[in-house]
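Trainee: Dumping the structure here so I can ask a few things about it.
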Amino acid sequence: MSLLMPAIVGDYFSADKHHDSKAVAQCFAADGVVHDEGRTYAGHAAIQAWKEAGSQQYGATVSPISADTQGVRCVVTGSVSGSFPGSPLALRFVFTLASNRIQALEIGA
């Protein structure tokens, strides 16, 4: 089953699946931000470094299981597996979109 989500959100999950931190960062606007585990990462370089560190530390993979898009907001629930306590976890990825890019991403339970 294929989930309906904006193309840029699909691109994000595709790049994430391949642990391609540069491609993940390029899905964001130049001033895009990620909020994850109580920290904020702003701009392409910071987002790329965040994704590289997470991939190296946890080897996490995300399998989207539901998606809901309302206007500029897309909420994806994903099953996140990796080398961390409690794996796998169901997490929500809340994307805010602008001009065919991700302006903000908030990841949480």
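The values are calculated or read from the model by the stated rules, or taken from the named source; none is laboratory data. These numbers were taken from a predicted model, which means no experiment stands behind them. With ideal geometry, Cβ positions are generated from the backbone for all residues, glycine too; neighbour counts draw on all protein chains shown. Note: areas computed on protein heavy atoms with side chains; ligands, DNA, RNA excluded. Shrake-Rupley method; radii C 1.70, N 1.55, O 1.52, S 1.80 Å.
Yes/no matrix, rows are residues, columns are (1) modelled with pLDDT under 95; (2) over 18 Å from Val24 (Cβ atoms); (3) not polar (S, T, N, Q):
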{"residue": "Asp68", "(1), (2), (3)": "no, yes, yes"}
{"residue": "Val75", "(1), (2), (3)": "no, yes, yes"}
{"residue": "Ser83", "(1), (2), (3)": "yes, yes, no"}
{"residue": "Val94", "(1), (2), (3)": "no, no, yes"}
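Trainee: Pull out all pairs, ordered by first then second residue, where Cβ-Cβ is under 9 Å, the residues are six or more apart or on different chains, the first lies in segment 54-71 and is of a type in the set (Phe, Trp, Tyr), and the second is open to solvent by 70 Å² or more (accessible area, probe 1.4 Å).
Mentor: Going by the 9 Å Cβ cut-off, the qualifying pairs are Tyr58/Ser83.
Trainee: Of the conditions (1) surrounded by fewer than 12 Cβ atoms within 10 Å (Cβ to Cβ); (2) touching a Gly at 6+ places or on another chain (Cβ under 7 Å), Gln57 satisfies every one except a single condition; which number is it?
Mentor: (2) is the only condition that Gln57 fails.
Trainee: With His35, His18 as the choices, which residue is surrounded by fewer than 16 Cβ atoms within 10 Å (Cβ to Cβ), of a type outside the set (Ser, Thr, Tyr) and closer than 17 Å to Leu91 by Cα? Walk me through how you get there before you give the answer.
Mentor: Values: His18 fails: closer than 17 Å to Leu91 by Cα.
Only one candidate passes the filter, namely His35.
Trainee: A further question follows. Could you check how many residues of segment 1-15 are open to solvent by 40 Å² or more (accessible area, probe 1.4 Å) and either over 22 Å from Gly82 (Cβ atoms) or part of a loop (DSSP other than H, G, I, E, B) (or both)?
Mentor: Going residue by residue through segment 1-15, those that are open to solvent by 40 Å² or more (accessible area, probe 1.4 Å) are 1-5, 7, 11, 14.
Among the residues that remain, those that are also either over 22 Å from Gly82 (Cβ atoms) or part of a loop (DSSP other than H, G, I, E, B) (or both) are: 1-5, 7.
Within segment 1-15, residues that are open to solvent by 40 Å² or more (accessible area, probe 1.4 Å) and either over 22 Å from Gly82 (Cβ atoms) or part of a loop (DSSP other than H, G, I, E, B) (or both) number 6.
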